[in-house]
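What follows is one structure encoded as structure tokens, with my remarks underneath.
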Amino acid sequence: MSQPIPVTVLSGFLGAGKTTLLKHLLLAEHGLKLAVIENEYSATPIDGQLLGGAPVEVMTLANGCVCCSIHVELEKALYLLLDKLDAGELAFDRLVIECTGLADPAPVAQTFFADAELCERYVLDGILTLVDAANAERHLQETIAQAQVGFADRILLSKTDLVDAAHIEALSRRLQRINRRAPIRRVEHGCIDLAELLDIRGFNLNADIAPAPSLRPLLPAAAAPDRIATLVLQSDKPLDLGRLSAFMENLLEQHGNSLLRYKGVLNIADEERRMVFQGVLRLYGFDFDSPWQVGETRASVIVFIGDNLPEDEIRAGFAAVEQSG
């Protein structure tokens, strides 16, 4: 069986520059054969020829990249691309999916966890969210725009040339309060180093929980305008696996639909290996990772990005797990 095809999801509010970034991806000299699933409601499609009357229109570009305009659900488009790949009609080694400006990334992400064959043939590499720096304050009044930021593995700031440094700094702090896991990068007219977009491995089960700077204490918000926010739990005590499991099961039962993304690296009592886990809403996976190194500080860190999570209740539940450790 060949290696699964890495999938990049491109999200962001209307007018943030997703199509411009897609053009950069397709035209860059990267030597890759990209397939792009572009939704048919884009205001400025990559190529007008893609918008036909058929349920799925596929077009191969001169450099070998593939564009696919879908008028059916994502799952059918994914299978159609696989059928053409297996039949030798198409050749591609990566897939990029553009979400509509008003789309919730959750169903897209869940597609790659819920279907066994799609799990085998594709691997979700990362979710990129473009944020229009000039219009972000207005966009972030919408909970769906906050959710797009919350789901991101990379936050890409566009139109930074239209605002001053103080505005960018304030916006960056707000975005970090929503999502402390995702690094923030600037996009200049759709151009950015491709290393920031590909091979992110944002959904891999590993101990790479977040860039160190993003987990430093943040300045408190003057007002907390956002429903989506990051909650970080940390402990230097060995945790009892049974009690920890009960805590997580209760959390998922009570608030699973509000947990956009979550990831943890855990120090389990009487276990030499660190445990890693991550999830999207109610779908999650976990495994034991590499052993703790001699002299290494054994600590547990869990990062939740959620919608109106009851922080005090969750912290109290985790404190009870710590006391039992």
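Quick note: the coordinates plus some simple rules give every number you see, no bench work behind them. Quick caveat, the model's predicted, so the values are computed rather than measured. Heads up, the Cβs are rebuilt from the backbone with ideal geometry, glycines too, and the neighbour counts pull from every protein chain shown.
A few remarks follow.
- DSSP-loop GluC sites (Glu not before Pro) across the range 235-325, with at most 13 other Cβ within 10 angstrom: E272, E296
- Length available on full extension from R186 to D86: 0.36 nm per residue minus the Cα-Cα distance, which gives 32.3 nm.
- The alpha carbon gyration tensor of the range 139-205 gives principal lengths a ≥ b ≥ c with a/c of 1.5 or higher and a/b no greater than b/c, which makes the shape oblate.
- Greater than 25 Å apart at Cα, pairs in K76/K159; K23/K263; K159/K263; K33/K159; K33/K76: K76/K159; K23/K263; K159/K263; K33/K159
- Computed on the range 234-325, the Cα convex hull volume stands at 85 Å³ per residue.
- Two-decimal log10 I(q)/I(0) for the range 60-193, as the Debye equation yields it once each C-alpha is a single scatterer, q = 0.09, 0.13, 0.14, 0.16 Å⁻¹: -0.34, -0.66, -0.75, -0.92
- Euclidean distance between Cα centres, the range 129-162 to the range 233-264, Å: 28
- Inter-part distance, the range 14-40 to the range 107-127, computed on C-alpha centroids, equals 20 Å.
- Electrostatic dipole magnitude of the range 212-324 [Cβ: Lys, Arg +1; Asp, Glu -1; Cα centre; debye, to 20]: 280
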